[in-house]
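The values are calculated or read from the model by the stated rules, or taken from the named source; none is laboratory data. Bear in mind that the values here come from a model prediction, so they are computed numbers and not experimental data. With ideal geometry, Cβ positions are generated from the backbone for all residues, glycine too; neighbour counts draw on all protein chains shown. These area figures cover heavy atoms from the full protein model, side chains too; ligands, DNA and RNA do not enter into them. Shrake-Rupley method; radii C 1.70, N 1.55, O 1.52, S 1.80 Å.
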Amino acid sequence: MPRQSLPRRATLRPGGARAAAPRHERPPQQRGGYCAPPAPPRPPARGAARPRPCPAAGSAPSPLGGGAARAFLSLPAWPGGAMAAPRAGRQPQNDGYRTLSLSGHVGFGSLPDQLVKKSINQGFCFNILCIGETGSGKTTLINSLFNSNFDDPVSTHFLPSVRLKAQTYKLQESNVLLNLTIVNTVGFGDQINKGDSYQPIVDYIDAQFEAYLQEELKIKRSLFSYHDTRIHVCLYFISPTGHSLKTLDLLTMKSLDSKVNIIPIIGKADSISKTELQKFKNKIMSELISNGVQIYQFPTDDETVSKINTIMNGHLPFAVVGSTEEVKIGNKMVRARQYPWGIVQVENENHCDFVKLREMLICTNMEDLREQTHARHYELYRRCRLEEMGFRDIGPENKPVSLQETYEAKRHEFYLELQRKEEEMRHQFVQRVKEKEAMLKEAEQQIQTKFEHHMLMHQEAKLNLEKKKKVLEDEIAMFIEKKANAKLLQSQASVSTPVSSKRDKDRKNSSFM
């Protein structure tokens with residue numbers, strides 16, 4: 001079956017009347033996926049050409065995947081200008097401005113051309129978050145979507161927690177540059193306890209919002225050159241079980257539906273039959289609705305793509321098959337997966353929804369995804385963060401409050417709170433000083449009592465020693481006296497001993513005679 005070309009957004013030729021612009025660059029009345037309709041008839045500008053649909057196959061390639069050159073720009077609804085046109089189905093609102101007709105060429109009809117050139121020179125960024133279990137076909141599908149090989153290494157099943165890995169690539173198609181960031185969830189669903197598997201993903205998305213908010217709040221901002229890392233779309237890969245969604249899938253999508261545009265995808269859809277696949281799709285959508293999960297719906301408010309987007313919303317979730325290998329079928333090489341029982345062509349709409357996904361994601365709604373990220377998800381995060389900081393748009397009496405008034409009121413509140421805490425800390429300091437002084441006085445009193453007690457003991461010991469010293473001195477005196485008497489007696493005895501020995505000798509001599 002030949003591939004059916006899908007309608008595309010209207011393109012902008014030099015001097016054309018409209019183009020699609022980033023939602024955050026449009027006036028508030030034009031946001032919400034709305035492209036300005038053509039202006040009323042007027043004399044064409046020099047070099048002007050009417051916008052026409054994207055050319056069929058064989059014409060010049062589009063900067064974003066087929067078709068004529070298109071830009072992410074819009075024609076602002078200038079009040080009173082000849083190019084200001086109300087949205088289809090609405091009555092023009094006159095807010096006190098006069099509508100004038102131009103009598104000749106002015107030149108501001110070239111504004112779309114200027115914006116096109118500026119945007120092409122600046123380039124675009126698109127960030128994709130791929131969530132799915134290991135082996136669900138995430139890397140192969142991304143390679144197939146962008147006709148490239150991103151060389152993402154195979155991850156293991158034994159990681160302790162979910163890890164997010166972001167890689168940025170520079171792609172060029174025709175003269176359009178695209179900074180593509182692929183964020184892969186490594187190890188998602190591989191843990192035994194899967195209760196907190198989605199928390200690192202939520203933290204990562206919030207971190208990107210916070211980084212952009214901090215850049216916005218700087219005094220000297222550089223948003224023009226800032227590398228926007230906010231996630232524009234989440235491709236959620238569902239395993240082709242054919243039964244129902246897993247609890248982890250419902251918890252993860254429920255936690256992310258207010259933070260990112262979710263597009264559910266059934267990976268490796270060639271593993272189940274067509275009948276089972278259709279039942280599985282219906283089961284998935286019924287479970288998402290019953291659990292209140294909000295997935296991304298392709299916009300239907302632009303008449304140029306409303307019909308095809310309405311049809312594609314009925315095909316969600318997309319059942320896709322990815323492959324980077326080429327197989328020869330007939331006289332041409334096509335990307336396909338070859339099995340013993342046959343060949344599954346990636347770009348054959350009778351085999352899978354790959355072409356539908358690529359057309360909706362890249363060719364038709366890429367800018368709307370970027371706009372939704374900024375105007376819906378980021379604005380919600382920004383509002384919550386500013387409310388946490390104390391900023392409000394309406395005061396207690398339901399009157400508008402300026403940012404300066406809110407800042408001054410918050411500053412005064414913080415100043416009073418600071419004074420209260422300072423007074424409280426001073427009171428606590430004085431109280432603790434008094435308690436410490438009382439403790440020191442008590443300790444000093446205890447030390448003084450111990451000192452006096454030791455002094456008394458010292459005096460008693462000193463008196464005892466003096467008594468013992470006196471007794472010892474008396475004993476020493478008596479000992480000296482006794483020693484002297486002993487020496488005297490000894491000397492007397494030594495004198496009397498020679499006289500008596502002489503007498504004895506005389507007696508012995510007289511007896512011999």
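Here is how the numbers come out for the structure above:
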read-out	value
Filter result for Ser161 (within 18 Å of Leu251 (Cα to Cα) and hydroxyl-bearing (Ser, Thr, Tyr))	yes
Which numbered condition Lys436 fails, given (1) under 30 Å from Leu217 (Cβ atoms); (2) open to solvent by 100 Å² or more (accessible area, probe 1.4 Å)	(1)
His351, sole failed condition from (1) surrounded by 21 or more Cβ atoms within 10 Å (Cβ to Cβ); (2) within 33 Å of the chain's Cα centre (by Cα)	(2)
Hits in segment 160-193 - residues which are over 20 Å from the mean Cα position of the chain (by Cα) and basic (Lys, Arg)	Lys170
Number of the condition not met by Asp196 [criteria: (1) assigned to a helix (DSSP H, G or I); (2) modelled with pLDDT under 90; (3) not small (Gly, Ala, Ser)]	(1)
Subset of segment 173-193 (residues that are surrounded by fewer than 20 Cβ atoms within 10 Å (Cβ to Cβ) and part of a loop (DSSP other than H, G, I, E, B))	Ser174, Asn175, Asp190, Gln191, Ile192, Asn193
The one condition in (1) under 19 Å from Phe126 (Cβ atoms); (2) outside any loop (DSSP other than H, G, I, E, B); (3) in contact with a Lys or Arg (Cβ under 9 Å, 6 or more places away or on another chain) that Ile231 fails to fulfil	(2)
Among the candidates Asp302, Asp270, residue that is at pLDDT below 90, of a type in the set (D, E, K, R), open to solvent by less than 10 Å² (accessible area, probe 1.4 Å) and at negative phi	Asp302
Qualifying residue in segment 234-244 (condition: in contact (Cβ under 8 Å) with a residue 40 or more places away in the chain, aliphatic (A, V, I, L, M) and over 16 Å from Val183 (Cα atoms))	yes
Search result, residues across segment 314-346 that are assigned to a strand (DSSP E or B) and closer than 18 Å to Leu235 by Cα	Phe318, Ala319
Residue check, Tyr212 free of Cβ contacts under 8 Å to residues at least 24 places away in the same chain and surrounded by 13 or more Cβ atoms within 10 Å (Cβ to Cβ)	no
Residue count for segment 394-416, restricted to those that are of a type in the set (A, V, I, L, M) and either farther than 19 Å from Leu217 by Cα or not in a helix (DSSP H, G or I) (or both)	3
Tally of residues being without any contact (Cβ under 8 Å) to a residue 24 or more places away in the chain and either among the small types (Gly, Ala, Ser) or crowded, with 19+ Cβ neighbours inside 10 Å (or both) across segment 196-207	1
Hits in segment 201-228 - residues which are assigned to a helix (DSSP H, G or I) and not acidic (Asp, Glu)	Ile201, Val202, Tyr204, Ile205, Ala207, Gln208, Phe209, Ala211, Tyr212, Leu213, Gln214, Leu217
Selected residue (only one of Arg392, Arg385, Arg411, Arg370 is among the basic types (Lys, Arg), farther than 19 Å from Leu141 by Cβ, without any contact (Cβ under 8 Å) to a residue 60 or more places away in the chain and surrounded by 12 or more Cβ atoms within 10 Å (Cβ to Cβ))	Arg392
Qualifying residue in segment 160-183 (condition: under 19 Å from Gly132 (Cα atoms), touching a Pro at 6+ places or on another chain (Cβ under 7 Å), of a type in the set (A, V, I, L, M) and at pLDDT 90 or above)	yes
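Each row is one residue, and each column tells you yes or no for (1) crowded, with 21+ Cβ neighbours inside 10 Å; (2) at pLDDT below 95; (3) under 27 Å from Ile120 (Cβ atoms).
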{"residue": "Gly242", "(1), (2), (3)": "no, yes, no"}
{"residue": "Leu250", "(1), (2), (3)": "no, yes, no"}
{"residue": "Ser255", "(1), (2), (3)": "no, yes, no"}
{"residue": "Ile266", "(1), (2), (3)": "yes, yes, no"}
{"residue": "Gln278", "(1), (2), (3)": "no, yes, no"}
{"residue": "Ser286", "(1), (2), (3)": "no, yes, no"}
{"residue": "Gly292", "(1), (2), (3)": "no, yes, no"}
{"residue": "Phe298", "(1), (2), (3)": "yes, yes, yes"}
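Conditions (1) of a type in the set (A, V, I, L, M); (2) not in a helix (DSSP H, G or I), marked per residue:
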| site | (1), (2) |
| --- | --- |
| Lys254 | no, no |
| Lys259 | no, yes |
| Leu277 | yes, no |
| Phe280 | no, no |
| Lys283 | no, no |
| Ser286 | no, no |
| Ile289 | yes, no |
| Thr304 | no, yes |
